[in-house]
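The values are calculated or read from the model by the stated rules, or taken from the named source; none is laboratory data. Worth saying up front: this structure is predicted, and the values here are computed from it rather than measured. Please note: Cβ atoms are built from the backbone with ideal geometry, for glycine as well, and neighbour counts cover all protein chains shown.
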Amino acid sequence: MASRSLSPDADSRWPRVIAHADMDAFYASVEILDNPALAGLPVIVGGRSARGVVTSASYEARKFGVRSAMPTVQARKLCPQGVFVPGRMKRYLEISRIVRRAFDSVSPVVEPLSLDEAFLDLTGTARVLGAPIEAARILKRRVFEESGLVVSVGVATTKMAAKILSDLSKPDGLLVLDQSQLEDFLAPLPVERLWGVGRVTLARMNQAGIRTVGDLARHDLGELREAFGSVGERFHQMAHGIDPRPVVADWRRKSYGEESTFARDLELGSDELRRVLIAHGEAIGRRLRADSIHARTVVLKLKLARPLGHGRYPVLTRSVTLDNPSDDGRTITDAATLLLAKVTARDRIRLAGVQVHNLERGEGGRADAQLGLFDGAAAGEDRRERLNRALDAVAARFGEEALTRGLAKAERAAPTRRIK
Amino acid sequence: MGLVIDRAALQTALALMQGIVERRTTVPILGHVLLEPVSGTLSISATDLEVGIRTEIVARTANEKSITLNARKLFEIVREAEGDEVKLDALDNDWVEIKCGRAKFKMMGLDSRSFPAMPSQSAMKSEGLASKKGVKGELGIASTDLAEMIDRTIFSVSPDEARYNLSGVYLEAAGPGGVRMVATDGHRLSMVEREAPGFGMQGGAIIPRKGLQELRKVLDQSGDQDVKLSLDGQLAYMKRGATEVSMRLVEGEFPDYRGVIPKQSRHAIKVDRDALFSAIKRASIFSNERYHGVKLSLASGSMTVSSTSPEMGEASEALDVDFTGEEFSIGFNANYFREVLGVIASGNKVELGLTDDVSPGVLRTDADPKFTYVVMPMRL
């Protein structure tokens, strides 16, 4: 016991222990895992159509300047010898679940940010896992043992710092920073590394002579408040390494979403657009069911094909709250389709997405997890539930595309699909 | 002078009243019992306006002056007192002096004329509530049978007062010469039938839970005799020895329960009641405090009862059962099983009819072939 205990000042140096774990070149690494012949080659995963974008690139490919979210066309120019792979979402999801289990084995409080990264709250694990750096080593080892893939880990006392550290540590890295080192570490970083500092804020900060996090920390708080309102205070705190946001366990994640950018812009009233929404709604339903989550709010997101410059387009969102929280793809799709019908826009649609918010743990879903004997629609819902279960089983066995409802065919119209 | 009563008899009578007066405190007189001496007997009654109970005990009466006293306090006094007799003397202004053994109490009563009438046809008529519609029937049944019927249904009554049509046990004729009682809270359902020669009734009556509880206590009081439960319009009434219980029936329509009882289930799993009860009790140690979920996992030759709590840990226990077919799991609220198994005597077998994890489960037992319990699963 004594040998495990931390140094006397451990508590002040580690008021919280937060790890950010981020898989290295996740999709590309999965491709290499499944096909070892690709090892050491510049592997690029991405859509193959004219509009396709790179979703993942191996470190070998990155040497050529290939980056995620870069149009595939550009990646081909930069790296003609690259091995271009179309991407297998089902397999990535599968591996993601394995990785997730490894995360769960290290901490009970895991907040996934996407398929390949998560925050883990390691506070209070010292007795079991040892000091933060040892805990992080265990985390890396577990992930590798379970999945065969490499994860980079940053450990700090705030989420933001942990994320910055894991990013800096890549590939196959591990960086650990306690509270006493935090502010010095942040100071030289460009201010846009802080969460919430986007293009507009950055321009205004630069005008005020703020370029680094350190500049921001030294800046007069009153002036910041005046210039940025209450957010100004938040920025100031963040610059001083203060970021109280907790790691929020999985089921309290805020939303599930899927969206796709189309190979060619679609008409607002087109069947193709509706098909995409159905595919997304069904896919979200499947994920909700897999996680035992019900959602109360459905959001439709559309990006209009009207360039605003700098690669930006107007985005429309519309949302509706369901009477009962649902994990049913059909219900989600119906809601999204209804929202779509109310949208008036003259432009064509470049991207369409569906998101669900207001999540409830399965047991709390539909008021409660207890099924009712007399629920008005119970008979119908039970049938739907049975159908969903059967669909889930087929999807699990033969892939998501094996069986989709009539109109759903996202891949045909949508070469790039993003899952959040 | 005054009233002299056997202490034990008074204590028993007052104990019977406690369930009725217990809850209401906003109307003081509803917390009181009415004591009416009539030459050689004392009539004691309590009511909450929905349910009324009246009993008679032998007493030495000097006059016929009625009094009311707080039912809880009087019960406590009689219970804690020493001596075989309790003496009550009515003083002025509704004060009452109580003497037992060497102890003396003075309690303030209320004007006995303001004590409400028991639920009755005349009382309801005076409120303009009596109507011609409603049921009419007389159920003659062995008191042990009626007690069993109540025990096997009342726990399924909805505690949700807003769902008033589920807030009692539904009673109807079961063919000629039979009676059926059904209770459900919308998640599970109990149904039991017994023989009741000569019983017939058009439609059914919803008997309120509280009234049925009081009636059940009365059934406990003496041995196995036949009792007569009268259903008349919006009232139910039963007299047993010197004790009468009356209550207003619940107005509303009981749901069509027949539609939710599965005709058949895919799997019939026979298991010892005791083994299942213990396994569920143990598994529920780790089930969620709010939802009480436990999982039954069926595999060839076994049924595993398990629960998981992300914060606390997990429990599982395998029972040997005669199961063949594709493995599956189904979740249930453990309490729904504990309650039903609690009313089936130890040493019996139960048969669990299951189809899949979203279809209702059916529990039957060789202890009572006329009992059916239907329970909806929980999502796991």
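Numerical summary
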read-out: Which numbered condition B:Arg23 fails, given (1) loosely packed, with under 14 Cβ neighbours inside 10 Å; (2) of a type in the set (Lys, Arg); (3) at pLDDT 90 or above; value: (3)
read-out: Failed item in (1) closer than 21 Å to B:Lys239 by Cβ; (2) at pLDDT below 90; (3) hydrophobic (A, V, I, L, M, F, W, C); (4) buried (at least 17 other Cβ atoms within 10 Å of the Cβ), with B:Ala81 passing the rest; value: (1)
read-out: Neighbours by Cβ (under 7 Å, 6+ apart or cross-chain): first from segment A:348-364, over 15 Å from A:His294 (Cβ atoms) and within 14 Å of another protein chain (Cβ to nearest Cβ); second at pLDDT 85 or above and surrounded by 20 or more Cβ atoms within 10 Å (Cβ to Cβ); value: none
read-out: Residues that are of a type in the set (A, V, I, L, M), assigned to a strand (DSSP E or B) and buried (at least 16 other Cβ atoms within 10 Å of the Cβ), drawn from segment A:301-315; value: A:Leu302, A:Leu304
read-out: Identity of the residue in segment B:334-379, hydroxyl-bearing (Ser, Thr, Tyr) and surrounded by 20 or more Cβ atoms within 10 Å (Cβ to Cβ), that ends up nearest to the other protein chains (Cβ to nearest Cβ); value: B:Tyr336
read-out: Answer from B:Thr308, B:Thr324, B:Thr304 - the residue that is assigned to a strand (DSSP E or B), away from chain A (no Cβ under 14 Å) and among the hydroxyl-bearing types (Ser, Thr, Tyr); value: B:Thr304
read-out: Qualifying residue in segment A:328-346 (condition: modelled with pLDDT of 80 or more and within 14 Å of chain B (Cβ to nearest Cβ)); value: yes
read-out: Segment B:84-100 - residue that is closer than 24 Å to B:Gly241 by Cβ and acidic (Asp, Glu) and, of those, surrounded by the fewest Cβ atoms within 10 Å (Cβ to Cβ); value: B:Asp84
read-out: Residue that is surrounded by the fewest Cβ atoms within 10 Å (Cβ to Cβ), among those in segment B:172-216 that are assigned to a strand (DSSP E or B), aliphatic (A, V, I, L, M) and more than 14 Å from every other protein chain (Cβ to nearest Cβ); value: B:Ala173
read-out: Residues (in contact (Cβ under 8 Å) with a residue 40 or more places away in the chain and either surrounded by 17 or more Cβ atoms within 10 Å (Cβ to Cβ) or not β-branched (Val, Ile, Thr) (or both)) located in segment A:125-139; value: A:Thr125, A:Ala126, A:Arg127, A:Gly130, A:Ala131, A:Pro132, A:Ala135, A:Ala136, A:Leu139
read-out: Enumeration of residues in segment B:253-295 that are in a helix (DSSP H, G or I), within 11 Å of another protein chain (Cβ to nearest Cβ) and either within 25 Å of B:Ala315 (Cα to Cα) or free of Cβ contacts under 8 Å to residues at least 24 places away in the same chain (or both); value: B:Gly259
read-out: Qualifying positions in segment A:183-202 - modelled with pLDDT of 90 or more and either exposed (fewer than 12 other Cβ atoms within 10 Å of the Cβ) or touching a strand residue (DSSP E or B) at 6+ places or on another chain (Cβ under 7 Å) (or both); value: A:Asp184, A:Ala187, A:Pro188, A:Leu189, A:Pro190, A:Val191
read-out: Conditions (1) assigned to a helix (DSSP H, G or I); (2) surrounded by 15 or more Cβ atoms within 10 Å (Cβ to Cβ); number of the one not met by B:Met247; value: (1)
read-out: Residues satisfying the stated conditions in segment B:217-244, i.e. of a type in the set (Gly, Ala, Ser) and either outside any loop (DSSP other than H, G, I, E, B) or in the same structural domain as B:Asp357 (by TED's automatic domain parsing) (or both); value: B:Ser230, B:Gly233, B:Ala236
read-out: Filter result for the condition that a residue is more than 27 Å from B:Ile207 (Cβ to Cβ), outside the structural domain of B:Leu212 (by TED's automatic domain parsing), buried (at least 16 other Cβ atoms within 10 Å of the Cβ) and modelled with pLDDT of 90 or more, over B:Arg7, B:Arg60; value: B:Arg7
read-out: Whichever residue in segment A:28-52 is of a type in the set (Gly, Ala, Ser) and more than 18 Å from A:Val150 (Cα to Cα) and, among such residues, is surrounded by the fewest Cβ atoms within 10 Å (Cβ to Cβ); value: A:Ala50
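Each row is one residue, and each column tells you yes or no for (1) outside any loop (DSSP other than H, G, I, E, B); (2) more than 14 Å from chain B (Cβ to nearest Cβ); (3) within 19 Å of A:Leu149 (Cα to Cα); (4) touching a His at 6+ places or on another chain (Cβ under 9 Å).
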| position | (1), (2), (3), (4) |
| --- | --- |
| A:Val54 | yes, yes, no, no |
| A:Ala69 | no, yes, no, no |
| A:Val73 | yes, yes, no, no |
| A:Arg76 | yes, yes, no, no |
| A:Glu94 | yes, yes, yes, no |
| A:Pro108 | no, no, no, no |
| A:Glu111 | yes, yes, no, no |
| A:Leu120 | yes, yes, yes, yes |
| A:Thr123 | no, yes, no, no |
